[in-house]
Amino acid sequence: MLPTSLDEAVETLATSPTAVPVAGGTDLMEAVNAGRLRPAALLGLGRITELRGWRYEDGGTAVLGAGLTLARMDRPDFAALIPALADAARTAGPPQTRNVGTLGGNIASAAASGDTLPVLAALEAVVTLARAGATREVPVGHLLTGVDPMRPGELLTWVRVPLLHAPQVFLKATGRSGPSRAIASVALVLDPARRAVRCAVGAVAPVPLRPLDAEAWVAGCIDWDARGEEGAQSIDPAAAAAFGEYVATACVPDGYGALGHELDAGAALAVEGPTAAAVRLRRTVAVLARRALGRALK
(Lines give C-alpha, C1' and ligand atoms only; values in the text may rest on other atoms or scores of the structure.)
Protein backbone atom coordinates (compact mmCIF):
# COMPACT_ATOMS: atom_id res chain seq x y z
CA MET A 1 0.00 0.00 0.00
CA LEU A 2 1.50 3.29 -1.15
CA PRO A 3 -0.70 6.31 -0.30
CA THR A 4 0.25 9.69 -1.74
CA SER A 5 -1.37 11.90 0.91
CA LEU A 6 -1.74 11.93 4.66
CA ASP A 7 -5.53 11.61 4.44
CA GLU A 8 -5.20 8.59 2.19
CA ALA A 9 -2.69 6.99 4.57
CA VAL A 10 -4.98 7.45 7.56
CA GLU A 11 -7.97 6.05 5.66
CA THR A 12 -5.92 3.07 4.49
CA LEU A 13 -4.77 2.35 8.02
CA ALA A 14 -8.37 2.51 9.23
CA THR A 15 -9.33 -0.29 6.86
CA SER A 16 -6.12 -2.27 7.54
CA PRO A 17 -5.20 -1.53 11.20
CA THR A 18 -2.66 -4.38 11.31
CA ALA A 19 -0.58 -2.82 8.51
CA VAL A 20 2.80 -1.56 9.68
CA PRO A 21 3.70 1.99 8.54
CA VAL A 22 7.16 2.22 7.00
CA ALA A 23 9.16 5.22 5.80
CA GLY A 24 12.92 4.61 5.79
CA GLY A 25 12.59 1.05 7.07
CA THR A 26 16.02 0.99 8.77
CA ASP A 27 14.70 -0.41 12.07
CA LEU A 28 11.78 -2.32 10.59
CA MET A 29 13.84 -4.28 8.07
CA GLU A 30 16.37 -5.17 10.75
CA ALA A 31 13.53 -6.62 12.82
CA VAL A 32 12.12 -8.47 9.81
CA ASN A 33 15.51 -9.90 8.84
CA ALA A 34 16.11 -11.02 12.42
CA GLY A 35 12.75 -12.76 12.55
CA ARG A 36 11.35 -10.54 15.30
CA LEU A 37 8.59 -9.10 13.12
CA ARG A 38 6.33 -10.59 10.46
CA PRO A 39 3.99 -7.80 9.33
CA ALA A 40 0.78 -8.83 7.61
CA ALA A 41 1.02 -5.74 5.38
CA LEU A 42 3.15 -2.64 4.95
CA LEU A 43 1.93 0.93 4.57
CA GLY A 44 4.61 2.83 2.66
CA LEU A 45 4.83 6.52 3.60
CA GLY A 46 7.61 7.51 1.21
CA ARG A 47 5.29 9.29 -1.25
CA ILE A 48 3.71 11.61 1.33
CA THR A 49 5.76 14.76 0.75
CA GLU A 50 3.91 16.85 3.36
CA LEU A 51 5.51 14.80 6.14
CA ARG A 52 9.09 15.45 5.00
CA GLY A 53 9.44 19.09 6.05
CA TRP A 54 8.59 21.39 8.92
CA ARG A 55 6.72 24.58 9.64
CA TYR A 56 6.39 27.20 12.37
CA GLU A 57 3.36 27.80 14.56
CA ASP A 58 2.42 30.80 16.67
CA GLY A 59 3.79 30.59 20.18
CA GLY A 60 7.32 29.60 19.19
CA THR A 61 6.79 26.00 18.11
CA ALA A 62 8.34 24.04 15.27
CA VAL A 63 6.14 21.33 13.77
CA LEU A 64 8.34 18.60 12.31
CA GLY A 65 7.03 16.04 9.85
CA ALA A 66 7.40 12.42 10.88
CA GLY A 67 8.99 11.72 7.48
CA LEU A 68 11.81 14.20 8.05
CA THR A 69 15.05 12.30 7.44
CA LEU A 70 17.99 12.32 9.79
CA ALA A 71 20.21 13.62 6.99
CA ARG A 72 17.87 16.56 6.41
CA MET A 73 18.00 17.45 10.10
CA ASP A 74 21.77 17.68 9.87
CA ARG A 75 21.67 20.61 7.44
CA PRO A 76 22.62 24.12 8.66
CA ASP A 77 19.13 25.63 8.45
CA PHE A 78 17.67 22.96 10.70
CA ALA A 79 20.72 22.95 12.98
CA ALA A 80 20.18 26.65 13.62
CA LEU A 81 16.61 25.86 14.65
CA ILE A 82 17.11 22.88 16.98
CA PRO A 83 20.86 22.29 17.33
CA ALA A 84 20.72 19.36 19.76
CA LEU A 85 18.39 17.44 17.47
CA ALA A 86 20.68 18.13 14.53
CA ASP A 87 23.65 16.84 16.54
CA ALA A 88 21.75 13.68 17.42
CA ALA A 89 20.76 13.10 13.79
CA ARG A 90 24.36 13.63 12.66
CA THR A 91 25.63 10.80 14.87
CA ALA A 92 22.73 8.39 14.33
CA GLY A 93 24.57 6.14 11.90
CA PRO A 94 26.37 5.96 8.56
CA PRO A 95 25.18 8.11 5.63
CA GLN A 96 23.11 5.33 4.09
CA THR A 97 21.13 5.05 7.31
CA ARG A 98 20.71 8.79 7.85
CA ASN A 99 19.62 9.35 4.24
CA VAL A 100 16.51 7.19 4.70
CA GLY A 101 15.96 6.97 8.47
CA THR A 102 13.22 9.30 9.72
CA LEU A 103 12.33 11.15 12.88
CA GLY A 104 8.96 9.40 13.10
CA GLY A 105 10.58 6.02 12.63
CA ASN A 106 13.04 6.76 15.44
CA ILE A 107 10.13 7.51 17.76
CA ALA A 108 7.85 4.66 16.65
CA SER A 109 10.56 2.00 16.89
CA ALA A 110 11.60 3.41 20.29
CA ALA A 111 14.97 1.67 20.31
CA ALA A 112 16.82 2.23 23.59
CA SER A 113 19.80 3.65 21.69
CA GLY A 114 17.70 5.97 19.49
CA ASP A 115 19.78 9.17 19.40
CA THR A 116 16.93 11.62 18.82
CA LEU A 117 14.85 10.31 21.73
CA PRO A 118 16.70 11.90 24.69
CA VAL A 119 16.73 15.24 22.84
CA LEU A 120 12.97 15.07 22.28
CA ALA A 121 12.49 14.12 25.93
CA ALA A 122 14.61 17.04 27.15
CA LEU A 123 12.78 19.44 24.83
CA GLU A 124 9.46 18.04 26.07
CA ALA A 125 8.26 17.48 22.52
CA VAL A 126 4.69 16.41 21.73
CA VAL A 127 3.66 14.03 18.94
CA THR A 128 0.46 14.14 16.92
CA LEU A 129 -1.28 10.81 16.31
CA ALA A 130 -3.88 10.71 13.54
CA ARG A 131 -6.62 8.22 12.85
CA ALA A 132 -9.72 8.32 10.67
CA GLY A 133 -11.74 11.35 11.76
CA ALA A 134 -9.61 12.37 14.74
CA THR A 135 -6.19 13.42 15.99
CA ARG A 136 -4.69 13.60 19.45
CA GLU A 137 -1.47 14.91 20.95
CA VAL A 138 0.72 12.96 23.35
CA PRO A 139 3.94 14.05 25.12
CA VAL A 140 6.78 12.06 23.63
CA GLY A 141 7.77 10.88 27.11
CA HIS A 142 4.30 9.37 27.66
CA LEU A 143 4.43 7.65 24.29
CA LEU A 144 7.87 6.12 24.85
CA THR A 145 7.16 4.91 28.38
CA GLY A 146 3.80 3.41 27.49
CA VAL A 147 1.81 5.78 29.70
CA ASP A 148 -0.17 6.72 26.58
CA PRO A 149 0.87 4.39 23.74
CA MET A 150 -0.15 4.41 20.10
CA ARG A 151 -3.47 2.71 19.45
CA PRO A 152 -4.43 0.44 16.53
CA GLY A 153 -5.17 2.47 13.42
CA GLU A 154 -3.11 5.50 14.56
CA LEU A 155 -0.35 7.08 12.51
CA LEU A 156 2.39 9.28 13.92
CA THR A 157 2.30 12.39 11.75
CA TRP A 158 3.91 15.43 13.42
CA VAL A 159 6.32 16.25 16.23
CA ARG A 160 5.85 19.60 17.95
CA VAL A 161 9.02 21.02 19.50
CA PRO A 162 9.12 24.28 21.50
CA LEU A 163 11.75 26.71 20.20
CA LEU A 164 13.56 27.94 23.32
CA HIS A 165 16.24 29.96 21.48
CA ALA A 166 18.59 28.88 24.26
CA PRO A 167 21.69 26.65 24.50
CA GLN A 168 21.12 22.94 24.00
CA VAL A 169 23.64 20.13 23.73
CA PHE A 170 23.65 16.45 22.75
CA LEU A 171 26.61 14.20 23.54
CA LYS A 172 27.02 10.46 23.31
CA ALA A 173 29.61 7.78 24.03
CA THR A 174 30.08 4.75 21.78
CA GLY A 175 32.10 1.58 21.94
CA ARG A 176 34.17 2.40 18.85
CA SER A 177 35.11 5.26 16.58
CA GLY A 178 32.80 6.37 13.80
CA PRO A 179 29.00 6.24 13.70
CA SER A 180 27.73 3.50 16.02
CA ARG A 181 25.16 2.80 18.69
CA ALA A 182 25.44 4.77 21.89
CA ILE A 183 26.58 3.23 25.16
CA ALA A 184 25.14 6.32 26.81
CA SER A 185 23.94 9.70 25.62
CA VAL A 186 22.93 12.95 27.29
CA ALA A 187 20.75 15.77 26.01
CA LEU A 188 20.77 18.98 28.01
CA VAL A 189 18.68 22.09 27.42
CA LEU A 190 18.77 25.41 29.23
CA ASP A 191 15.53 27.34 29.71
CA PRO A 192 16.69 30.80 30.87
CA ALA A 193 13.17 32.25 30.81
CA ARG A 194 12.18 29.80 33.55
CA ARG A 195 15.70 29.51 34.97
CA ALA A 196 15.46 25.78 34.46
CA VAL A 197 17.64 22.95 33.22
CA ARG A 198 16.28 19.92 31.39
CA CYS A 199 18.34 16.78 30.99
CA ALA A 200 17.63 13.37 29.51
CA VAL A 201 19.88 10.31 29.48
CA GLY A 202 19.58 7.81 26.65
CA ALA A 203 20.75 4.23 25.93
CA VAL A 204 21.16 3.21 29.59
CA ALA A 205 17.53 2.06 29.89
CA PRO A 206 14.71 1.03 27.54
CA VAL A 207 13.51 4.68 27.48
CA PRO A 208 15.21 8.05 28.00
CA LEU A 209 15.46 8.99 31.68
CA ARG A 210 14.86 12.46 33.13
CA PRO A 211 16.81 13.02 36.40
CA LEU A 212 14.31 15.61 37.66
CA ASP A 213 15.88 16.10 41.10
CA ALA A 214 19.30 16.69 39.53
CA GLU A 215 17.77 19.19 37.10
CA ALA A 216 16.13 21.18 39.89
CA TRP A 217 19.28 21.09 42.04
CA VAL A 218 21.68 22.32 39.37
CA ALA A 219 19.28 25.05 38.24
CA GLY A 220 19.66 26.52 41.70
CA CYS A 221 23.47 26.42 41.40
CA ILE A 222 23.60 28.49 38.20
CA ASP A 223 24.14 32.24 38.32
CA TRP A 224 21.61 33.02 35.59
CA ASP A 225 22.36 36.74 35.70
CA ALA A 226 26.04 36.12 34.97
CA ARG A 227 25.39 34.16 31.77
CA GLY A 228 26.78 35.97 28.75
CA GLU A 229 29.02 38.31 30.73
CA GLU A 230 32.63 38.17 29.59
CA GLY A 231 34.82 36.38 32.11
CA ALA A 232 31.86 35.55 34.37
CA GLN A 233 31.55 32.04 35.83
CA SER A 234 27.96 30.82 35.67
CA ILE A 235 28.52 27.82 37.91
CA ASP A 236 31.17 26.56 40.31
CA PRO A 237 33.16 23.72 38.67
CA ALA A 238 32.59 21.59 41.77
CA ALA A 239 28.84 22.00 41.36
CA ALA A 240 29.06 21.03 37.68
CA ALA A 241 31.00 17.88 38.61
CA ALA A 242 28.50 17.08 41.34
CA PHE A 243 25.70 17.45 38.81
CA GLY A 244 27.33 14.82 36.60
CA GLU A 245 27.56 12.39 39.51
CA TYR A 246 23.97 13.19 40.53
CA VAL A 247 22.68 12.39 37.04
CA ALA A 248 24.73 9.20 36.78
CA THR A 249 23.60 7.86 40.14
CA ALA A 250 19.96 8.68 39.39
CA CYS A 251 19.98 6.95 36.00
CA VAL A 252 22.20 3.90 36.50
CA PRO A 253 21.07 1.45 39.23
CA ASP A 254 23.59 -0.33 41.45
CA GLY A 255 22.79 -3.69 39.87
CA TYR A 256 23.23 -2.59 36.26
CA GLY A 257 24.79 -5.39 34.19
CA ALA A 258 24.59 -8.06 36.89
CA LEU A 259 22.76 -10.37 34.49
CA GLY A 260 24.72 -9.34 31.43
CA HIS A 261 22.10 -6.79 30.34
CA GLU A 262 19.98 -4.00 31.74
CA LEU A 263 18.84 -5.21 35.12
CA ASP A 264 15.21 -5.61 36.14
CA ALA A 265 13.99 -4.36 39.50
CA GLY A 266 13.83 -7.81 41.11
CA ALA A 267 17.44 -8.65 40.27
CA ALA A 268 18.60 -5.23 41.46
CA LEU A 269 17.41 -6.07 44.97
CA ALA A 270 19.81 -9.02 45.10
CA VAL A 271 22.89 -6.94 44.31
CA GLU A 272 24.91 -5.43 47.14
CA GLY A 273 26.65 -2.25 46.06
CA PRO A 274 27.20 -1.10 42.48
CA THR A 275 28.45 -3.68 40.01
CA ALA A 276 31.57 -3.06 37.95
CA ALA A 277 29.35 -2.42 34.92
CA ALA A 278 27.36 0.17 36.89
CA VAL A 279 30.52 1.94 38.01
CA ARG A 280 31.82 2.14 34.44
CA LEU A 281 28.54 3.35 33.02
CA ARG A 282 28.07 5.91 35.80
CA ARG A 283 31.51 7.29 35.06
CA THR A 284 30.58 7.69 31.39
CA VAL A 285 27.22 9.32 32.13
CA ALA A 286 28.76 11.66 34.70
CA VAL A 287 31.34 12.89 32.20
CA LEU A 288 28.74 13.39 29.49
CA ALA A 289 26.38 15.30 31.80
CA ARG A 290 29.15 17.52 33.15
CA ARG A 291 30.48 18.32 29.68
CA ALA A 292 26.99 18.98 28.31
CA LEU A 293 26.29 21.43 31.12
CA GLY A 294 29.62 23.16 30.62
CA ARG A 295 29.08 23.58 26.89
CA ALA A 296 25.53 24.86 27.37
CA LEU A 297 26.71 27.48 29.86
CA LYS A 298 29.52 28.82 27.67
Going through segment 142-162 one residue at a time, which ones are out of contact with any Lys or Arg (no Cβ under 8 Å at 6 or more places or on another chain) and either in a strand (DSSP E or B) or among the hydrophobic types (A, V, I, L, M, F, W, C) (or both)?
LEU143, LEU144, VAL147, MET150, LEU156, THR157, TRP158, VAL159, ARG160, VAL161, PRO162
Criterion first (open to solvent by less than 20 Å² (accessible area, probe 1.4 Å) and not aliphatic (A, V, I, L, M)) does GLY141 satisfy it?
no
Just wondering, is there one or more residues in segment 79-102 that are touching a residue at least 60 places away in the same chain (Cβ under 8 Å), open to solvent by less than 20 Å² (accessible area, probe 1.4 Å), assigned to a loop (DSSP other than H, G, I, E, B) and at negative phi?
yes
Restricting segment 104-141 to residues that are assigned to a loop (DSSP other than H, G, I, E, B) and acidic (Asp, Glu), which is farthest from the chain's Cα centre (by Cα)?
GLU124
Specify which of the listed residues (ARG136, ARG131) is open to solvent by 40 Å² or more (accessible area, probe 1.4 Å) and touching a Lys or Arg at 6+ places or on another chain (Cβ under 8 Å).
ARG131
Residue check, THR249 against (1) buried (at least 17 other Cβ atoms within 10 Å of the Cβ); (2) in contact with a helix residue (DSSP H, G or I) (Cβ under 7 Å, 6 or more places away or on another chain); (3) modelled with pLDDT under 90, all met but one. Which one?
(3)
Quick check: is even one residue across segment 154-175 of a type outside the set (D, E, K, R), under 21 Å from THR249 (Cβ atoms) and surrounded by fewer than 23 Cβ atoms within 10 Å (Cβ to Cβ)?
yes
Could you list, in sequence order, all residues of segment 20-59 that are farther than 30 Å from LEU163 by Cβ and touching a Pro at 6+ places or on another chain (Cβ under 7 Å)?
VAL20, LEU43
Enumeration of residues in segment 108-134 that are more than 20 Å from VAL247 (Cα to Cα), out of contact with any Asp or Glu (no Cβ under 8 Å at 6 or more places or on another chain) and at pLDDT 95 or above
ALA125
Exactly one of these conditions fails for LEU64: (1) among the aliphatic types (A, V, I, L, M); (2) out of contact with any Asp or Glu (no Cβ under 6 Å at 6 or more places or on another chain); (3) within 21 Å of LEU117 (Cβ to Cβ); (4) open to solvent by 30 Å² or more (accessible area, probe 1.4 Å). Give me its number.
(4)
Being at pLDDT 95 or above and open to solvent by less than 70 Å² (accessible area, probe 1.4 Å) narrows it down to one residue among ALA286, ALA232, ALA267, ALA226; which is it?
ALA286
Within segment 178-191, does at least one residue satisfy the condition of being open to solvent by 50 Å² or more (accessible area, probe 1.4 Å), of a type in the set (Asp, Glu) and in contact (Cβ under 8 Å) with a residue 24 or more places away in the chain?
no
What are the pairs with Cβ atoms under 6 angstrom where one residue, in segment 5-17, is surrounded by fewer than 15 Cβ atoms within 10 Å (Cβ to Cβ) and the other, located anywhere, is acidic (Asp, Glu) and modelled with pLDDT of 90 or more? Sequence gap at least six, or different chains.
none
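The values are calculated or read from the model by the stated rules, or taken from the named source; none is laboratory data. Note that this is a predicted model, so its numbers are computed, not measured. In this analysis, Cβ positions are derived from the backbone assuming ideal geometry, glycine residues included, and neighbour counts consider all displayed protein chains. Ligands, DNA and RNA are excluded from the accessible area calculation, which covers all protein heavy atoms including side chains. Shrake-Rupley method; radii C 1.70, N 1.55, O 1.52, S 1.80 Å.
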